[in-house]
Each structure stands twice: as C-alpha cells, then as structure tokens.
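Encoded as structure tokens, the structure appears first; notes follow it.
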Amino acid sequence: AQKITQTQPGMFVQEKEAVTLDCTYDTSDQSYGLFWYKQPSSGEMIFLIYQGSYDEQNATEGRYSLNFQKARKSANLVISASQLGDSAMYFCAMRDGIQGAQKLVFGQGTRLTINP
Amino acid sequence: NAGVMQNPRHLVRRRGQEARLRCSPMKGHSHVYWYRQLPEEGLKFMVYLQKENIIDESGMPKERFSAEFPKEGPSILRIQQVVRGDSAAYFCASSRDSNNSPLHFGNGTRLTVT
C-alpha cells in the first residue's frame, strides 16, 4: 500500500525567503502521480502542482516547483519568494496505483507560517 | 466556470439524526470522490463514484454510510444515526477522467455532531 510521510508538522519562514516542504513516499508501483495541495484557514483544498513518475523534468507552476528525486522517493515542494498569503496547511498526496483510479493517499500535512 | 459545489458548508446534527451532504462536480466531470478529514489530519479516501455506479467504496465505514451519484442531480453522501466521531470535514472532488488529470476539490462540508 502507498504511504506518504511529511515529517515537518510546522514551519516558520520569513517573508520573501524560499521554503522547502518535505515529502517522502513509499510505493511498489512503477507508475504513480504525486500532488501537492494547499489548505488555507478557510478550509478549501487548492491544487498546486503535479508530478508524474515518468516525467523527466521537475514540475513547476509559477512560484511552486517540485523537487522530484525518484531514487530517494522524495517529492519536496519548493516555494520561492514566500508571501504572507502562503501561510496555510500543505498536503502531499499520491495517486493510488490502481489503474483507472484517482484515489489519493494524503500525508499528515505541514503547517507553514510566513512571518512579515 | 463553477468549480465543485458542496452544500451545506456547515451542518450540525444531534446524535442519532441523519446527515445528507451534496456535491455537484465541475462541468464536464463524471468522476466523483468523497474524502473525510478529521481535525489536524490529512484527507482520507472514502468512496469513488461514476454516474449511477459505485466504483470503489473501500474507505467507507461498513455501517451507516452510503453514497450515490444518480444520473441526474448531485452526488449524495448519507450518514445515518450520526455519532460524535462522525464530526469531520467531508470533501468532494471531481475529475474529468480516471487518469492523471488532477482532482478538483469542493470547499467541504463541516459536520458537527452534538
């Protein structure tokens, strides 16, 4: 079974600094997908970025990039030039390996606080 | 271009009552997923549905919980005889297909059982 581990319960970062949120995963599947979602205090889940296991390049979306190290089974989220609005919970998730399904397994999350 | 719509946003039920949570997927999406989030935890998969079919309900509790996605109308997650442990945020997500297109989540329904 897939498992996602986020080892940082909370992080505090100064505004405008870059921040890396850690995510490691465990799977025996060759084909899988990795996702990051942001959950602000208002509670909604916002999709940030996706990385497929066969993608050769690291995914990027604006200020978000995914540092994908397949051999180490890590998929860290990097946020460049952090902003106060980045304060939120961040969840790493993996698509379950069952073919034709989008069942996601989520980590416990990291609470990011950006200080002015 | 409405996203995934869930209602109600907040729902309060007494122990023993029924809770009905509704989800309308994004336009053009025919795959619906329900997830539950307990306080300070990540989301946990409950059930995956397509129109008129339950595809995977491996995350659903065996009793009191049911889900449907009829041909017409929203998907419904139904919890009968609610207990305090059912208090959580329930998220619905939809996708266009069953491949790697990302899931789009609704804003969730926060169920409180008193």
Working carefully through the options B:Arg78, B:Arg13, B:Arg96, B:Arg84, find the one that is open to solvent by 20 Å² or more (accessible area, probe 1.4 Å), touching a Ser or Thr at 6+ places or on another chain (Cβ under 7 Å) and touching a residue at least 24 places away in the same chain (Cβ under 8 Å).
B:Arg78
Starting from residues that are open to solvent by 10 Å² or more (accessible area, probe 1.4 Å) and within 17 Å of A:Ser41 (Cα to Cα), keep the ones in segment B:99-114 and report whichever is modelled with the highest pLDDT.
B:Arg110
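Condition check ((1) out of contact with any Gly (no Cβ under 8 Å at 6 or more places or on another chain); (2) over 16 Å from A:Arg111 (Cβ atoms); (3) away from chain B (no Cβ under 14 Å); (4) part of a loop (DSSP other than H, G, I, E, B)) across all residues:
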site	(1), (2), (3), (4)
A:Thr20	yes, no, yes, no
A:Tyr25	yes, yes, no, no
A:Trp36	yes, no, no, no
A:Ser42	yes, no, no, yes
A:Phe47	yes, yes, no, no
A:Gln51	no, yes, no, no
A:Glu56	yes, yes, yes, yes
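Condition check ((1) charged (D, E, K, R); (2) in a strand (DSSP E or B)) across all residues:
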| site | (1), (2) |
| --- | --- |
| B:Arg15 | yes, no |
| B:Arg22 | yes, yes |
| B:Tyr33 | no, yes |
| B:Arg36 | yes, yes |
| B:Phe45 | no, yes |
| B:Val82 | no, no |
| B:Asp97 | yes, no |
| B:Leu111 | no, yes |
Going through segment A:58-96 in order, the residues found to be charged (D, E, K, R), assigned to a loop (DSSP other than H, G, I, E, B), away from every other protein chain (no Cβ under 14 Å) and in contact (Cβ under 8 Å) with a residue 24 or more places away in the chain are A:Arg72, A:Lys73
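Hey, any hits in segment B:87-94 for a residue that's at pLDDT 90 or above and outside any strand (DSSP E or B)? Steps first, answer last, please.
First pass over segment B:87-94, keeping only residues at pLDDT 90 or above: B:87-94.
Applying the additional criterion that residues be outside any strand (DSSP E or B) yields B:87.
Checked segment B:87-94: at least one residue is at pLDDT 90 or above and outside any strand (DSSP E or B).
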Could you check how many residues of segment B:46-72 are touching a residue at least 12 places away in the same chain (Cβ under 8 Å) and either surrounded by fewer than 12 Cβ atoms within 10 Å (Cβ to Cβ) or small (Gly, Ala, Ser) (or both)?
8
Residue that is farthest from the other protein chains (Cβ to nearest Cβ) [pool: residues in segment B:99-109 that are of a type outside the set (A, V, I, L, M) and either in contact (Cβ under 8 Å) with a residue 40 or more places away in the chain or assigned to a helix (DSSP H, G or I) (or both)]
B:Thr109
Conditions: (1) buried (at least 19 other Cβ atoms within 10 Å of the Cβ); (2) under 21 Å from B:His104 (Cβ atoms); (3) touching an Asp or Glu at 6+ places or on another chain (Cβ under 9 Å). A:Arg63 meets all but one. Number of the miss?
(1)
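Would you mention how many residues in segment B:94-105 are in contact with a Gly (Cβ under 7 Å, 6 or more places away or on another chain) and of a type outside the set (D, E, K, R)? Don't jump to the end; show me each part of the working.
Let us first name the residues in segment B:94-105 that are in contact with a Gly (Cβ under 7 Å, 6 or more places away or on another chain), namely B:96, B:98, B:100, B:104.
From the residues that got through so far, the ones that are of a type outside the set (D, E, K, R) too are B:98, B:100, B:104.
Looking only at that region, the number is 3.
The values are calculated or read from the model by the stated rules, or taken from the named source; none is laboratory data. All values derive from a computational prediction rather than experimental measurement. As a convention, Cβ positions derive from the backbone with ideal geometry for all residues, glycine included, and neighbour counts pool all protein chains shown. Ligands, DNA and RNA are stripped out before the accessible areas are found, and what is left, the full protein with its side chains, is counted by its heavy atoms. Shrake-Rupley method; radii C 1.70, N 1.55, O 1.52, S 1.80 Å.
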